[in-house]
1. Within the range 53-72, identify whether any single residue is open to solvent by less than 20 Å² (accessible area, probe 1.4 Å), in the same structural domain as LEU141 (by TED's automatic domain parsing) and within 15 Å of ligand 2 (Cβ to nearest atom), and answer yes or no.
2. For the range 219-232, check the following and say yes or no: at least one residue is in a helix (DSSP H, G or I), within 22 Å of LEU40 (Cα to Cα), hydrophobic (A, V, I, L, M, F, W, C) and free of Cβ contacts under 8 Å to residues at least 60 places away in the same chain.
3. Just give me the residues in the range 83-128 being more than 13 Å from ligand 1 (Cβ to nearest atom), open to solvent by 60 Å² or more (accessible area, probe 1.4 Å) and part of a helix (DSSP H, G or I), in sequence order.
4. Is it the case that the range 171-185 has a residue that's at pLDDT below 95, within 16 Å of ligand 1 (Cβ to nearest atom), closer than 22 Å to THR74 by Cβ and part of a helix (DSSP H, G or I)?
5. Just need a number here: residues in the range 186-208 that are open to solvent by 50 Å² or more (accessible area, probe 1.4 Å) and either within 17 Å of VAL90 (Cβ to Cβ) or under 19 Å from the mean Cα position of the chain (by Cα) (or both).
6. Confirm whether LEU217 is open to solvent by less than 20 Å² (accessible area, probe 1.4 Å), within 16 Å of ligand 1 (Cβ to nearest atom) and of a type outside the set (Asp, Glu).
7. If only one of ILE243, ILE265, ILE258 is surrounded by 13 or more Cβ atoms within 10 Å (Cβ to Cβ), touching a strand residue (DSSP E or B) at 6+ places or on another chain (Cβ under 7 Å) and assigned to a helix (DSSP H, G or I), which one is it?
Amino acid sequence: MEAAAQLGSADTAPIDAIDLRREFEDVEIAPVLAQLDRELVGLAPVKTRIREIASLLLVERIRQKMGLATTFPTLHMSFTGNPGTGKTTVALRMAGILHRLGFVRRGHVISVTRDDLVGQYIGHTAPKTKEVLKKAMGGVLFIDEAYYLYRPENERDYGQEAIEILLQIMEQQREDLVVILAGYGDRMEKFFQSNPGFRSRIGHHIDFPDYSSGELLTIAELMLEEQNYRFTPEARAAFERYIAVRRMQPLFSNARSIRNALDRIRLRQANRLVSRLDRVLTAAEVTSIEAADVLASRVFTRPEAVEMQP
Ligand SMILES: Nc1ncnc2c1ncn2[C@@H]1O[C@H](COP(=O)(O)OP(=O)(O)OP(=O)(O)O)[C@@H](O)[C@H]1O
Ligand SMILES: [Mg+2]
């Protein structure tokens, strides 16, 4: 396989010592890990696991150069956690890391759900699944809510066909494709129980915890900063209250709910500014989110109502 060839081949002279630092610097993995730390709030256990995997793969790479490795490491993963906890975001980063370390040729991510793999009619599933796999080769195939592939209540469900193809490719093309199965913890657990073939092909299970209120506030401030906005101190306090109320409501989706809330807050800010046309606007005003922009949320006025978007 090409990925294996990149890692050193048997016909080069045996090497018995390698400068670890140089090897580490050569793959330029440190900046990627630092960026991950900087740009993703919280997720300490996830970041630790990613560092561990990166170390393992670096050592594996060195072992291969020394001609010591016998089997290609199992890189398929499962990401479990509630909505909006960063699974998709981390999958993208993971692909970059795998690519730098030479474990995937291209480092791209193809993100799919059941409907992208399973057809509606007999004979449609295998070509559909194979097409997706073809696109994903050399990179990462991210299957979101993977448990929807398995519908035991439907006796002749086409999902089963997709499962069988996936299992086969996960085994045979391990050196050219990394599959990440993602979904909510309890459902994934049931899925693995019913499909032990998947569990045995997964090398790394990573659990994504919910964010604390403090982390959600930091995420909000980071998102605002990226878009050149900031809370006034009063708005910040109001948003702290917003988080406390919102996280108790239905359909709360961690960082995703924060992103959606900020979109609506920006809308209200714009409305507030435009409601008084006859004046000169300063940059400070345009960048500033005020308490009123936050407090007009339906989360406060109708706490029982679910906002339009989770
Ligand atoms: N730790 C974090 N720091 C900063 N932003 C984050 C963090 N986690 C998630 N986000 C942001 O929150 C949004 C949702 O994250 P993401 O899509 O990765 O979550 P998910 O776990 O895949 O959710 P779902 O289960 O709903 O697909 C994205 O816009 C992402 O940039
Ligand atoms: Mg996602």
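The values are calculated or read from the model by the stated rules, or taken from the named source; none is laboratory data. Since we're looking at a predicted model, the values are computed, not measured. For neighbour counting, all protein chains shown are included, and Cβ atoms are generated from backbone atoms with ideal geometry for every residue, glycine included. These area figures cover heavy atoms from the full protein model, side chains too; ligands, DNA and RNA do not enter into them. Shrake-Rupley method; radii C 1.70, N 1.55, O 1.52, S 1.80 Å.
1. No, because not a single residue in the range 53-72 is open to solvent by less than 20 Å² (accessible area, probe 1.4 Å), in the same structural domain as LEU141 (by TED's automatic domain parsing) and within 15 Å of ligand 2 (Cβ to nearest atom).
2. Yes - at least one qualifying residue is present in the range 219-232.
3. HIS99, ARG100, ASP115, ASP116, PRO127, LYS128
4. yes
5. Summing the residues that are open to solvent by 50 Å² or more (accessible area, probe 1.4 Å) and either within 17 Å of VAL90 (Cβ to Cβ) or under 19 Å from the mean Cα position of the chain (by Cα) (or both) in the range 186-208 gives 5.
6. So LEU217 fits the description; yes.
7. Matching residue, one of ILE243, ILE265, ILE258: ILE265.
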